[in-house]
Amino acid sequence: MPRVHVRKGDNVLVVTGKSAGMRGKILRVDPVKSRVVVEGVNIVKRHRRPTRAMPQGGIVEMEAPVHSSNVMLMCGKCNQPTRVGRRFLDDGTKERFCKRCGESIG
């Protein structure tokens with residue numbers, strides 16, 4: 001199964017595309033397609049027909065997925081966009097870390 005370098009809940013910076021420079025939290029990850037949905041980024045309008053949940057129907061603005069290669073993880077400590085490293089701890093567990101400052105990322 002393909003692997004994506006970010007996880008749901010991570011804060012990221014969009015580095016390319018029409019939403020470049022925007023920051024947001026990851027809402028969903030699709031590792032098979034290597035796509036992520038970021039809060040407030042890549043907003044599109046979709047026409048919805050009336051349903052029981054939304055009786056009036058209408059035009060809805062929603063976030064569309066962006067490719068995972070177009071986002072960089074924001075480090076919580078140095079507050080910079082960074083690449084993600086992985087390392088094994090002494091007890092055998094893995095952790096992600098910031099390649100800039102070496103700080104562990106939750």
- request: Please go through the range 1-25 and pick out each residue that is touching a residue at least 40 places away in the same chain (Cβ under 8 Å) and within 8 Å of the chain's Cα centre (by Cα).
  value: Val6, Asp10, Asn11, Val12
task: Could you grab me the full set of residues in the range 81-106 that are of a type in the set (Ser, Thr, Tyr) and either under 22 Å from Ser68 (Cβ atoms) or surrounded by 12 or more Cβ atoms within 10 Å (Cβ to Cβ) (or both)?
output: Thr82, Ser104
task: Determine, yes or no, whether Lys45 is within 19 Å of Gly106 (Cβ to Cβ) and either at pLDDT 95 or above or outside any loop (DSSP other than H, G, I, E, B) (or both).
output: no
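Residues checked against (1) under 24 Å from Val32 (Cβ atoms); (2) in contact (Cβ under 8 Å) with a residue 24 or more places away in the chain; (3) in the same structural domain as Leu27 (by TED's automatic domain parsing); (4) in contact with a Gly (Cβ under 6 Å, 6 or more places away or on another chain):
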site	(1), (2), (3), (4)
Glu63	yes, yes, yes, no
Asp90	no, no, no, no
Lys99	no, no, no, yes
Glu103	no, yes, no, no
query: Can you tell me how many residues in the range 29-55 are surrounded by 13 or more Cβ atoms within 10 Å (Cβ to Cβ) and among the hydroxyl-bearing types (Ser, Thr, Tyr)?
result: 1
task: Go through the range 56-76 and give me each residue that's in a loop (DSSP other than H, G, I, E, B), more than 18 Å from the chain's Cα centre (by Cα) and surrounded by 11 or more Cβ atoms within 10 Å (Cβ to Cβ).
output: Gly57
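The values are calculated or read from the model by the stated rules, or taken from the named source; none is laboratory data. On a predicted model such as this, the values are computed, not experimentally measured, just so you know. We place every Cβ from the backbone using ideal geometry, glycine too, and count neighbours over all the protein chains shown.
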